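Below is one structure, written out as structure tokens, with a few remarks after it.
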């Protein structure tokens, strides 16, 4: 436990005052209508939305997760989430403009735009509760769990004390400020969080017991963890850490913030953009920051923690106040922060509070939008006034916060939850990618994928069959094959159901195409059935091939930047120069491609 000093309190309370003040300032305009409360009137610029995306995905559990990964699997273990860059750039260059053109209030409203009848209504209503409540609560509880560990390690707080103190201000400004309050405070949170993360990494790497960057990288506990790519001589390493994420995971799995085809709170920000260009610019800025720049301060702290706290026993001895059910490698990040000096400690604590508030406020506003638009207004009270919708949104915000806080009190480990969520959404991603471009996919396809994926995940994770097939050293199949099996079986199931059930009504498909204009050969049958020069012309200027090429070039640009930053830090100058050159060349090629795409979509 550490004792905060005067300047620490000044920094922290000033930060609280600013964020709460922003929420109060925008509360009047946020409450005018549900569109203002959840989408800020669709008037947001790209740079503000991009910073909001970055701030939202930097949560209190994110550095904890990265620390857990680095300490367990080395730097290369981060490919389990770095692979989602491909998903992100597919959203940038293909799906961002489609979402903005759809003009829906939530991404779940898409279901009754793309599909029709009772299955579409069921899908929209069920996923409103499934995602807006169940998955949303699980995600927020993981974030709150990280806050509990930080509060216990750094301030000696009991779990309930952390939950109450961390959640109170967040739920207040989220409930009164709506989406505009979330985005405006995210602008402040972005800078506070980045400065805090970089400042902490610099100071902790230069601690006397760590010895500076050069000594750290040569330390016995660290040098085996530095490789950015996994060991290619060990199939148990490179297959699950690199091949599966890059070959299968990025397109096949649904995960909050990295949904194939866009979705969730990323879609909410695209829908609130001024126009299609701003939606694209926001998502691209987010992907550059999220993958190429932001991970390295966390990685450096994780590596330094291997010197100061080499194992779980050392963490337990240093922090006996932490109960065994909360002890894990993710605790090491909070443990390292206890070594910060006054002033910087206050700033870093403020950055962690910023990370917590940004993510939780986004999840609350996003989840309550599902409850309001896709469940309450659609199923309970279709004639609800705008004031009623805002009131229900504020009530849902408070309710989601309470339930997630209670769940956080019984969780133990952030990485465990991340892995469970990945498998739980396995196999559904391909539908989210193809449903825009293939007329034959129907509501039953999505219903099947959702239930089959969930059932298989529970079967393999929680029953003896899972241990019999996939348990390490005793299972029939290697444990890394579990994900592939779930994807394969889910894909076969939804494809079979797609062809065994009738297609969507022709009028529904035509109206969807007319509104969003996705283009491509997958809609040829619908276009041929409705001869129209307007729709036929759209087919000749299909932007998807150029978008896919831009996604690939953009991936080279950002991954090369990720490698370059890492090698500059490691002091491997030749590798650093090579990867910097590759990144610059790919960036130049991407600019040329963007001009081509922009001409097509305009």
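The table below gives the values:
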{"quantity": "Cβ-derived FRET efficiency at R0 45 Å, residue 161 paired with residue 387, nearest 0.05", "calculated": "0.80"}
{"quantity": "Least to most buried among 248, 403, 137 (fewest other Cβ within 10 Å first)", "calculated": "403, 248, 137"}
{"quantity": "FRET efficiency, residue 223 to residue 438 (Cβ-Cβ, R0 35 Å, nearest 0.05)", "calculated": "0.10"}
{"quantity": "Helix axis angle, 6-30 relative to the chain longest principal axis, alpha carbon, degrees", "calculated": "10"}
{"quantity": "Ratio Rg/Rh [Cα only; Rh per Kirkwood] for the chain", "calculated": "0.96"}
{"quantity": "By average C-beta atoms within 10 angstrom, highest first, the peptides 94-103, 13-22, 62-71", "calculated": "62-71, 94-103, 13-22"}
{"quantity": "Simple label model, 7 Å out from Cα along Cβ direction - residue 122 to residue 239, nm", "calculated": "3.8"}
{"quantity": "Gain upon complete extension [residue 506, residue 489; 0.36 nm per residue less C-alpha separation]", "calculated": "3.2 nm"}
{"quantity": "Proxy reagent accessibility, fewest Cβ within 10 Å first, across 233, 186, 311, 374", "calculated": "233, 311, 374, 186"}
{"quantity": "Zone of residue 496's modelled label, taken as backbone nitrogen in the range 428-453 under 19 Å from a point 7 Å along Cα→Cβ", "calculated": "428-431, 441-453"}
{"quantity": "Full-extension gain in nm, residue 463 to residue 247, via 0.36 nm per residue minus C-alpha separation", "calculated": "75.0 nm"}
{"quantity": "Net length gained if the chain between residue 313 and residue 525 were fully extended (0.36 nm per residue, minus Cα distance)", "calculated": "69.9 nm"}
{"quantity": "Inter-centroid distance (Cα atoms) of the range 168-201 relative to the range 482-529, Å", "calculated": "39"}
{"quantity": "20 Å cut-off, amide nitrogen to a point 7 angstrom out along residue 275 Cα→Cβ, residues in the range 40-71", "calculated": "40-50"}
{"quantity": "For the range 144-253: Kirkwood Rh in Å [reciprocal of mean 1/r, alpha carbons]", "calculated": "18.5"}
{"quantity": "Pairwise label distance in nanometres, residue 16 with residue 573, each label 7 Å out on the Cα-Cβ vector", "calculated": "4.9"}
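Laboratory data are not the source of any read-out in this text; all were calculated from the coordinates shown. Keep in mind the model is a prediction, meaning the values are calculated, not measured. Because the Cβ atoms are built from the backbone with ideal geometry, glycine has one as well, and the counts that use them run over all protein chains shown.
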